[in-house]
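Before anything else, here's the structure in question.
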Amino acid sequence: MKICATIWDWACNYLVLKEDDESKKEVSLEDMLQDAHREVQEAENLFARVEDEEMIDYAILNLQAAEKRYNYLLKIMKEQGKAEESLES
């Protein structure tokens with residue numbers, strides 16, 4: 001049950017929609033890449049801790065989705081020549 005609560009909290013944090021001006025701020029590609037990297041780490045951590053058979057599929061799909069997002073953003077940054085700068089900091 002603790003894993004379910006953790007997943008619920010995580011989902012709520014990502015699905016909260018803000019209607020104020022703060023949500024309209026432009027997010028940089030570097031920030032998106034750092035966020036995607038954090039998501040991959042969280043997904044790996046979840047996958048490592050899952051014991052419930054019903055949650056294994058979720059953990060696998062969550063990890064695959066996070067990795068695809070990270071790889072896509074990294075590819076875009078490389079195309080723009082920004083990857084080296086962001087990865088160094």
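In the stretch 51-63, which residues are more than 14 Å from residue 6 (Cβ to Cβ) and crowded, with 16+ Cβ neighbours inside 10 Å?
The answer is 63, and nothing else.
While we're here: For the stretch 51-89, how many residues meet the condition of being modelled with pLDDT under 90 and assigned to a helix (DSSP H, G or I)?
Residues flagged as modelled with pLDDT under 90 and assigned to a helix (DSSP H, G or I) within the stretch 51-89 amount to 12.
Now for a different question. Could you tell me how many of the residues in the stretch 13-50 are surrounded by fewer than 11 Cβ atoms within 10 Å (Cβ to Cβ), aromatic (Phe, Trp, Tyr) and at pLDDT 70 or above?
0
The values are calculated or read from the model by the stated rules, or taken from the named source; none is laboratory data. Please read all numbers here as calculations on a predicted model, not as lab measurements. Cβ sites come from the backbone with ideal geometry, for glycine too, and all protein chains shown count toward neighbours.
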